[in-house]
Every structure is written in C-alpha cells, then in structure tokens.
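To start, the structure itself, in structure tokens.
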C-alpha cells in the first residue's frame, strides 16, 4: 500500500507581513494505485503543492504523509526516493552536458548499481519502458525532440524506483500531435507498475483521460474532490462548472448546469493571490454568490466546508447530499 496524503498543508512565500500564502490548509489524498488529477487555472497553487511533496518548497504548516508516516524529503544522494517528479519542461529538467544514459543512470539507487554492465542494462530496460531505442543512451538532450525528452524524464523518474509519481503539466509544453502519445504511455506505465500518481494539469480533457479521482484547486484551496466521473459529470462547485464549460468541446450539460444556477458568471477579475478575499475565495466571480444574489452574504463571511455534499465540494450552496440525485 502506498498512499500519499496532505494534511492541512500550507505553503507561504516571503515574510509574515509581506508574504503570499500560495497553498492554504490543503487536505488531499492520493490513494494506493490511483491517479488523482489536480486541475485549476494558472496561479492556483498546483505546482507549489507538488514541489512541497518532493521537498523543493518547505511547508509553513501541516504535514505530508506517505502510508501514514511523515514523508522524509531530505535524503542522501543515491538512495531510493519513494516520490519522484516529472516537470513541465523536459529540456530544463535534464542536464544538457550529460548523455541520456548517464542522466538516467545517475538516478538509479546506489544499492542497485552493481557494476557498469548492470547499470547499462538497467538504462536500456528503462528506455524500453518509455518506448525509446537503446542507442538513445549515447546522445544528449539537445539531440532529441520534446516528446523524446519527456520520455527520458519519465525514464529518469522511474529509475529512482518510486512508489508515487508526480507529473506536473507534462504534456503542456509538447506539440498537440505528441501529447496523446505521451498520455498513453503515462497511463500504460501507471497501470502496469501499480504506481500512485498525482497528475497536474489545467486541461480537463487530459485529466478526464488519465484520472480516477479529480481534485479542483482555486487560489490555494481544494474546492472540489471526488471520483472523476462524478466531478466531471455532476460538478457541485461553480468554479468546476466554469472550467468544464470553458473547455474545448465541453458537453452542453456543463454549460447548461452553470446557466441553470444563475444568470451567468459575475463580471470580475480573478482575485489577487497576495490579498485573497475573505470567506469563499471564489465569491467575487461566482454566479451563485453575493455578486448575483444579494442575500448570500455568507459567502463573504465564512469559508465553506467541503463536507455534506454528493462529493467534497467547498461551496455553501452546493447540492446537499440529501437532495442529490442517486450516485450512478
């Protein structure tokens, strides 16, 4: 069993007086062997949460647990790392002065480095896992295409023998024609190896394709969380509905449900993350909030609880569980 859990995780940049809280009291679970798709617009805190998980950004409060134990982020070089991260830009995540083979071999835990011949064999095996020929081990990152570099980044992450893989917008820097191939590879590897995965994207079509569970993030908070088919087909939070309605090729049902709950999105700019609004962070833009309905001052005054709905949804006016349609 390998479960990754964030408990009231908070990340803050800068000083107490002039700093920014990028992630606020996030509770999020990545179950064993499942893919959690974390979605939200730019600046919502998705990548910050990922960086905190692998120790690149310290927590200001809360904790991160792996199988119920506090996660150790400070580890010696050459040791096995239970969490590995694949970054958005494959070129910047690979050392341009190292061959592909050397870069992958560097990530193999020291106790598995049983001589040069064994290391070369393991590099070839890992390249095969991601669909690259063995001769790619001798070339440099600049000699590869973007899609090939991202495959190398995946191979390097797998070399560390992780239990949990964090993929941060790994297809957004790729050509559209290559994205599908990389997504198929990621989904196949995850299923074959039984990895738990936190898959970060702003593209709901991508998340629909790979994720078992969807978490929606807005201004540093998780506003909706549940099984992918539930969140994407029966969204409870108005922000999730807006994301779905804005996605290319969005089902008419998503837009229809948004319109049914109010006269349409409020005319407002996204909130300043340095000075987020009190109460529900989404209320200035919300078609169900006080900008549209004057009697809903609770949205300005109190942070909504995600409990008590069809699935977790941090909205005062999400459908109560007692009134929800039967879960299909």
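The values are calculated or read from the model by the stated rules, or taken from the named source; none is laboratory data. Bear in mind the structure is a predicted one, so any value in this text is a computation, not a measurement. When we count neighbours, we look across all protein chains shown, and the Cβ atoms used for this are built from the backbone with ideal geometry, even at glycine.
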Problem - segment 114-143: number of residues that are surrounded by 12 or more Cβ atoms within 10 Å (Cβ to Cβ) and free of Cβ contacts under 8 Å to residues at least 12 places away in the same chain - result: 6
Completion exercise
Per the filter on segment 167-177, residues buried (at least 20 other Cβ atoms within 10 Å of the Cβ) and either at pLDDT below 90 or part of a helix (DSSP H, G or I) (or both) are 171, 174
Fill in the blank from the handout: Of those in segment 10-31 that are at pLDDT below 95 and assigned to a loop (DSSP other than H, G, I, E, B), the residue surrounded by the fewest Cβ atoms within 10 Å (Cβ to Cβ) is 17
Problem - Single match in 146, 194, 180 (criterion: free of Cβ contacts under 8 Å to residues at least 40 places away in the same chain and surrounded by fewer than 20 Cβ atoms within 10 Å (Cβ to Cβ)) - result: 180
Practice task
Kindly establish whether residue 161 is more than 30 Å from residue 244 (Cα to Cα), surrounded by fewer than 22 Cβ atoms within 10 Å (Cβ to Cβ), in contact (Cβ under 8 Å) with a residue 24 or more places away in the chain and touching a strand residue (DSSP E or B) at 6+ places or on another chain (Cβ under 9 Å).
Solution key: yes
Completion exercise
The residue that is surrounded by the most Cβ atoms within 10 Å (Cβ to Cβ), considering only those in segment 286-310 that are farther than 16 Å from residue 221 by Cβ and in contact with a strand residue (DSSP E or B) (Cβ under 9 Å, 6 or more places away or on another chain), is 310
Handout entry: Residue satisfying condition, being more than 26 Å from the chain's Cα centre (by Cα) and in the same structural domain as residue 191 (by TED's automatic domain parsing), within set 167, 121, 107
Key = 121
Exercise for the section: Say whether the condition of being surrounded by fewer than 24 Cβ atoms within 10 Å (Cβ to Cβ), assigned to a helix (DSSP H, G or I) and either over 13 Å from the mean Cα position of the chain (by Cα) or in contact (Cβ under 8 Å) with a residue 60 or more places away in the chain (or both) is met by at least one residue in segment 209-217. Expected result: yes
Exercise for the section: Evaluate the following for residue 67: is it in contact (Cβ under 8 Å) with a residue 12 or more places away in the chain, surrounded by fewer than 18 Cβ atoms within 10 Å (Cβ to Cβ) and assigned by TED's automatic domain parsing to the domain that holds residue 195? Expected result: no
Practice task
State whether the residues of segment 29-38 include one that is in the same structural domain as residue 204 (by TED's automatic domain parsing), within 17 Å of residue 281 (Cα to Cα) and touching a strand residue (DSSP E or B) at 6+ places or on another chain (Cβ under 7 Å).
Solution key: no
